[in-house]
1. Answer yes if at least one residue in region 152-162 is over 26 Å from GLU338 (Cβ atoms) and not assigned by TED's automatic domain parsing to the domain that holds CYS320, and no otherwise.
2. Which residues, taken from region 18-36, are surrounded by 21 or more Cβ atoms within 10 Å (Cβ to Cβ) and out of contact with any Leu (no Cβ under 9 Å at 6 or more places or on another chain)?
3. Sort out which residues of region 336-364 are of a type outside the set (A, V, I, L, M, F, W, C) and closer than 18 Å to HIS109 by Cβ, and write them in order of number.
4. Examine region 318-331 for a residue that is touching an Asp or Glu at 6+ places or on another chain (Cβ under 6 Å) and either surrounded by 14 or more Cβ atoms within 10 Å (Cβ to Cβ) or farther than 22 Å from PRO68 by Cβ (or both), and state whether such a residue exists.
5. Look at THR303 and say whether it is buried (at least 19 other Cβ atoms within 10 Å of the Cβ) and of a type in the set (S, T, N, Q).
6. Specify the residue that is nearest to CYS326 (Cα to Cα); the eligible residues are those in region 282-309 that are more than 35 Å from the chain's Cα centre (by Cα) and of a type in the set (Lys, Arg).
7. Across region 239-276, what is the number of residues that are part of a loop (DSSP other than H, G, I, E, B) and farther than 30 Å from ALA71 by Cβ?
8. So GLN179 passes all but one of these: (1) in contact with a Phe, Trp or Tyr (Cβ under 9 Å, 6 or more places away or on another chain); (2) in a strand (DSSP E or B). Which condition number does it fail?
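The values are calculated or read from the model by the stated rules, or taken from the named source; none is laboratory data. Just so it is clear, the structure is predicted and the values come from calculations on it, not from any experiment. Note that we place each Cβ from the backbone using ideal geometry, even for glycine, and neighbour counts take in every protein chain shown.
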Amino acid sequence: MTTMAKIDLKEQNPLEALKQFFAGILKLKDVTSILVPQRLSTLNTIMPTLVTDAALLEGVDPLAPAFPMNAARIASRLTRKPMGGKVAAVLRPCEIRAFIELVKLNQAHREEILLISTDCLGAFPNKEYFKFAAQDGGEETLRFYKTMLGGNTHEMEGYPLAPACKACEHPVSENADIQIGLYGIKPGESILIKAQSEAGDEMLKQMNLPETTEPTGRQAAIDTLISQRIRFRDDMFAKTQEAVNSLDKMGAYFSNCVNCYNCRVACPVCYCKECVFVTDVFDHEPSQYLQWAARKGMIKMPTDTLFYHLTRLAHMSTACVGCGQCSNACPNDIPIMEVFRTVAQHTQQAFGYEAGKNLEEKPPLSVFFKDEFQEVVGIS
């Protein structure tokens, strides 16, 4: 039987309750540290922090609409070799799905990590978050929490959620050991703590929280939200396909690209140790640029921008989890996520695969199926 517990909030705000919950996790004998989003002292910045001292959890804020990076990358660094103790990692659902992909790609390991996920309320793009939280990030988080659970799930006070969040059909993680439930529960009333694995079940039993049952209406609230997200997602797919359905249109779409490669660096599942685009292969001779310019009369500089994005699409579309960090990292606000999610949807459907869904499912192109794609290969 799945263990379910609850934290009654009463007069306590949810951030204080979660701080105490995470402090309790740090006291468990098998847990040496916790990776958790914390508010830093400068500019209301929220970043992943690795904490070993429960007294230093004062700035814990996993509910803030801030998503500066996909922390699956950090979880990968912490688990790619034996760490010497178990780390509990508080991650968004898309971060857990990215971590699952990294485990499959032998870039991370599952044995020494306890995955904890809150129901995801979404996040603002980085620039918008700093405007939103300019005065007092902690109080702004609590207002955001109440607004999102009050039924307004796409924007707050004129600040829209990032497109990746509005198109995300996975607001609740399927692969966390512990799920922190928010949807379907009146804000300020309680928080659901649900075990989703044997490790999570054992952890909850050690913490002796009051047991409970799934709140009435929780699944309906989640289903309603997912339906809204899917409608937005499908409309986004249709508009994006129209915007990039030829090489000329795609060239225009990426015309502001300056080859900074921020999208590659920010992508949690882009794992190559050496990228071909930062090798001598693309360090062209000066005379080469002149020859290209002479052939057409002019060339856009820098070159290779469209080739770069097409290469990444071919490389990453099977593993893309749609977290949106590529768009978040773009200095020129190119809607990169929309293209990658649109292409990834088609690629993953073609392989009958969903990135980050199932740890046991092998990634496409890593296994051979005798009867796969016969309509393409023409073998009877």
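1. no
2. none
3. Listed by number, the residues that qualify are GLY356, ASN358, GLU360, GLU361, LYS362, PRO363.
4. yes
5. no
6. LYS296
7. Number satisfying all stated conditions: 3.
8. Checking GLN179 against (1) in contact with a Phe, Trp or Tyr (Cβ under 9 Å, 6 or more places away or on another chain); (2) in a strand (DSSP E or B), the one that fails is (1).
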